[in-house]
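> Submitted below is the structure of interest, expressed as structure tokens.
The values are calculated or read from the model by the stated rules, or taken from the named source; none is laboratory data. The structure displayed is predicted, hence computed values, not measured ones. Here the Cβ is made from the backbone with ideal geometry for all residues, glycine too, and neighbour counts use every protein chain on show. Ligands, DNA and RNA are excluded from the accessible area calculation, which covers all protein heavy atoms including side chains. Shrake-Rupley method; radii C 1.70, N 1.55, O 1.52, S 1.80 Å.
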Amino acid sequence: MAASMENVEEIRNRVILGEFGVTNVHTTDFPGNYPGYDDTWNVEKFQKNFRIDVVHLDENSMEFDMVGIDAAVANAFRRILLAEVPTMATEKVFIYSNTSIVQDEVLAHRLGLIPIKADPRLFEYRNSEEEGSEIDTIQLQLKIKCSRNPRASKDSSDPRELYLNHMVYSKDIKWVPIGNQADVFADCCIGPVHDDILIAQLRPGQELDIVMHCVKGIGTKVAKVVNSRLDTCSREVLRHSDLKNVVKLGRVRDHFIFTVESTGILPPDVLVTEAIKVLMAKCQRFLNELDSTVME
């Protein structure tokens, strides 16, 4: 049944939160759907209504409002932030010696999860068929051996006093420059983002000798995006019989709240900028495909 005119504005502009579901979730403001409304898309109208309001920004997180955009585009931007912003991550782990109690595959998995502080914009994508070089690969080394502390007290039972290098942390991973990387990245501090990530525990005589190759890639979750701020719009009020018929809960359809948290590899504002570049490249690629189809 067609909606009454008094409900048209609500249907067009609000997502309604009911007691048992959400309504008006589909975009309906397309040309010709509502008499008397000109919903033809144009650049001038979009530029006038679209805006991004930065609410909070620090070195690890960013919160902003994206207003005046369709939900499909906002969701595409969210998905790009999650999976398509390039980053540098460990791809191959060469274990030359591992006499710890941690299995090789578990150790390799742990090392692969450690975020590496290196700007991916300064590197090229690596060709899987070619050997890594200074323009597409970062080499890291973890070489450490546990031994007894000759100065430890005979009555001590504390491993921190009895042993040397018995706790292996991410700070023990060292960057090994390839080619001219030492000169090119002289001002950069390439290595793990955090120094206090525990990798393994050793006992006297046990050692690790590992080399890691980090490459540029996508698919790593370098940011967490949550489509809400502090208020998650609780629907508790709808559980009260004396209130649920006099209260209506809704959200503005084209207003999206993003919280971006960085792992420390890139600042959150750079992550957002790079995600926008990826989205623009996708749009341009789509336009090029359309043009090539028309020419054919």
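> Failed condition for N24, given (1) assigned by the TED database to the domain that holds R239; (2) open to solvent by 70 Å² or more (accessible area, probe 1.4 Å); (3) at pLDDT below 80, with all others met?
Going through the list (1) assigned by the TED database to the domain that holds R239; (2) open to solvent by 70 Å² or more (accessible area, probe 1.4 Å); (3) at pLDDT below 80, N24 breaks only (2).
> Identify all residues within region 105-143 that are in a helix (DSSP H, G or I) and either more than 17 Å from L198 (Cα to Cα) or not assigned by the TED database to the domain that holds D195 (or both); write none if there are none.
If the condition is that a residue be in a helix (DSSP H, G or I) and either more than 17 Å from L198 (Cα to Cα) or not assigned by the TED database to the domain that holds D195 (or both), then P120, R121, L122 are the ones that fit.
> Same structure again: Can you confirm whether region 249-260 contains a residue that is modelled with pLDDT of 85 or more, among the acidic types (D, E), open to solvent by less than 50 Å² (accessible area, probe 1.4 Å) and in contact with a helix residue (DSSP H, G or I) (Cβ under 9 Å, 6 or more places away or on another chain)?
Within region 249-260 (the criterion being modelled with pLDDT of 85 or more, among the acidic types (D, E), open to solvent by less than 50 Å² (accessible area, probe 1.4 Å) and in contact with a helix residue (DSSP H, G or I) (Cβ under 9 Å, 6 or more places away or on another chain)), the answer is no, since none of the residues qualifies.
> Among the residues of region 139-151, are any farther than 17 Å from E207 by Cα and under 28 Å from the mean Cα position of the chain (by Cα)?
yes
> Separate question: Of all residues in region 127-154 being among the charged types (D, E, K, R) and open to solvent by 100 Å² or more (accessible area, probe 1.4 Å), which is nearest to D104 (Cα to Cα)? So that I can check it myself, show each step before the final result.
Quick first cut of region 127-154, residues among the charged types (D, E, K, R) only: 129-131, 134, 136, 143, 145, 148, 151, 154.
Within this subset, residues satisfying the condition of being open to solvent by 100 Å² or more (accessible area, probe 1.4 Å) are 129-131, 143, 145, 148, 151, 154.
Numbers: E129: 25, E130: 25, E131: 23, K143: 15, K145: 16, R148: 24, R151: 32, K154: 34 Å.
Of everything passing the filter in region 127-154, K143 is nearest to D104 (Cα to Cα).
> Would you confirm, using the coordinates I've provided, whether V102 is surrounded by 13 or more Cβ atoms within 10 Å (Cβ to Cβ), of a type outside the set (D, E, K, R) and in the same structural domain as Y169 (by the TED database)? Reasoning before the result, please.
Numbers: surrounded by 13 or more Cβ atoms within 10 Å (Cβ to Cβ): yes; of a type outside the set (D, E, K, R): yes; in the same structural domain as Y169 (by the TED database): yes.
Yes.
> Within region 46-56, can you find the residues that are open to solvent by 90 Å² or more (accessible area, probe 1.4 Å) and either touching a Phe, Trp or Tyr at 6+ places or on another chain (Cβ under 9 Å) or in a helix (DSSP H, G or I) (or both)?
Correct list: Q47, K48.
> Of the residues in region 261-296, how many are under 23 Å from M62 (Cα atoms), assigned to a helix (DSSP H, G or I), of a type in the set (A, V, I, L, M, F, W, C) and open to solvent by less than 80 Å² (accessible area, probe 1.4 Å)? Full working, then the answer.
Taking region 261-296 as the starting set, the residues that turn out to be under 23 Å from M62 (Cα atoms) are 261-280.
Filter once more, so that each one left must be assigned to a helix (DSSP H, G or I): 268-280.
Imposing the further condition that a residue be of a type in the set (A, V, I, L, M, F, W, C) reduces the set to 270-272, 275-276, 278-280.
Within this subset, residues satisfying the condition of being open to solvent by less than 80 Å² (accessible area, probe 1.4 Å) are 270-272, 275-276, 278-279.
Residues flagged as under 23 Å from M62 (Cα atoms), assigned to a helix (DSSP H, G or I), of a type in the set (A, V, I, L, M, F, W, C) and open to solvent by less than 80 Å² (accessible area, probe 1.4 Å) within region 261-296 amount to 7.
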